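Working notes for the structure below.
The values are calculated or read from the model by the stated rules, or taken from the named source; none is laboratory data. None of the values given here were measured: they were computed from a predicted structure. Quick reminder, even Gly has a Cβ in these numbers, built from the backbone with ideal geometry, and neighbours come from all protein chains shown.
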Amino acid sequence: MNDFSSSSESETDVPIAAPPTNHDTPPTTTEASPTASGNQQTKPLRRTHSVAHQDFHAKNIVLFNVDLETGGNLCGPVQISAAAFDPQKNVSLAEFDSYVKPADGAEWNQHTINVHGIEPSQQRIKDASKIEDVWRDLLEYFERLLEGGKKGIILAWGGKACDVEWMFRITEETHLGILKMPDNVPYFCDPRHVIHHHKKCELQVEGMLGLGCAEVWNTNIPSVQMR
C-alpha cells in the first residue's frame, strides 16, 4: 500500500485542514541523474513501501474504518461511526456508533438530509449527546483498541475531502484546545484514492464509488486481500 498518508507527508497527501504534528519526517533518499548540460542533479527515489510498512511488518497495526455524517457545513456532524479491524489476525474488532446533537441554531442542509435520511426532528437526534461528549467516547474507543503500543490507520472512503477533513475541522477549528485527534493514529488511507491508481483492481466495479467502506470490505471478491 503506497497510498497511505501520514502527518509527515506533503500537503497534497493529507486533508487540507491537517495540522502540523511532531512526527519525524522520513529521510528523503536521492539519486544522481545527468542533465542536458552534462551536470549531475539529484532527484528523490520513488518510495517502494507504505509509510506504515514498518508497523505492518511488526504486526502493530489496527485499521479503523471511520464514517461521519453531517447536516451540512453550517450544522456539523450528526453521526460518527467506526469499525476496527485487526489485519494481523484478519478479524473484526469493536464498533462505535453514536448520533450527535448539533449546536443550538445549527442550519441543516436539505441535500445532506436527502443523502443520509437523518433529520433534526427525529428522536435519535433529540436524544443524542453533544459533539464534546461523543468525541470523548470516540477517543476512549481508539485508546482501548490501541493498548500495548499499537498504531492506528484511519480508513475512510472518499475521506480525504470529507470524513477526515471534518475530524480536523472539529479538533483544529471549532473545538481547538478542547477536543483532539486520537493518539497513536499517525496514518490515513482513502481506499477510493488507492484503487484509482489501479485500474485492474477488482474493486473497480460499477457503482462502487457510491458506497462506503463497510460495503466495499464486505464485497464478495475472494481474490481481493489486504496487502
Q. Would you pick out the residues in the range 67-122 that are among the aliphatic types (A, V, I, L, M), in contact with a Lys or Arg (Cβ under 9 Å, 6 or more places away or on another chain) and closer than 19 Å to Thr171 by Cβ?
A. Val78, Val100, Ala103
Q | Residue that is surrounded by the most Cβ atoms within 10 Å (Cβ to Cβ) [pool: residues in the range 148-168 that are part of a helix (DSSP H, G or I) and among the hydrophobic types (A, V, I, L, M, F, W, C)] | A | Met167
Q) Conditions: (1) in contact with a helix residue (DSSP H, G or I) (Cβ under 9 Å, 6 or more places away or on another chain); (2) part of a loop (DSSP other than H, G, I, E, B); (3) at pLDDT 75 or above; (4) not acidic (Asp, Glu). Thr219 meets all but one. Number of the miss? A) (3)
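Suppose we filter Leu209, Leu179, Leu138 for residues that are surrounded by 14 or more Cβ atoms within 10 Å (Cβ to Cβ), among the hydrophobic types (A, V, I, L, M, F, W, C), at pLDDT 85 or above and outside any loop (DSSP other than H, G, I, E, B); which single one remains? Walk me through it before giving the result.
Working: Leu209 fails: at pLDDT 85 or above; Leu179 fails: outside any loop (DSSP other than H, G, I, E, B).
Just a single option satisfies the conditions, and that option is Leu138.
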Q.
So the check is Cβ under 8 Å with 6+ separation or different chains; which pairs have a first residue in the range 56-67 that's on the phi > 0 side of the Ramachandran plot and a second one that's among the polar types (S, T, N, Q)?
A. Lys59/Gln88
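Does the range 143-156 contain any residue that is farther than 14 Å from Asp67 by Cβ, in contact with a Lys or Arg (Cβ under 8 Å, 6 or more places away or on another chain), modelled with pLDDT of 80 or more and of a type outside the set (A, V, I, L, M)?
Applying the first criterion (farther than 14 Å from Asp67 by Cβ) to the range 143-156 yields 143-153.
Remaining after also requiring in contact with a Lys or Arg (Cβ under 8 Å, 6 or more places away or on another chain): none.
No, the range 143-156 contains no residue that is farther than 14 Å from Asp67 by Cβ, in contact with a Lys or Arg (Cβ under 8 Å, 6 or more places away or on another chain), modelled with pLDDT of 80 or more and of a type outside the set (A, V, I, L, M).
Can you name the strands (runs of 3 or more DSSP E) wholly within the range 48-131 that have at least 3 residues being closer than 27 Å to Ile153 by Cα and among the hydroxyl-bearing types (Ser, Thr, Tyr)?
Numbers: elements: 61-70, 77-86, 91-99.
It comes to 91-99.
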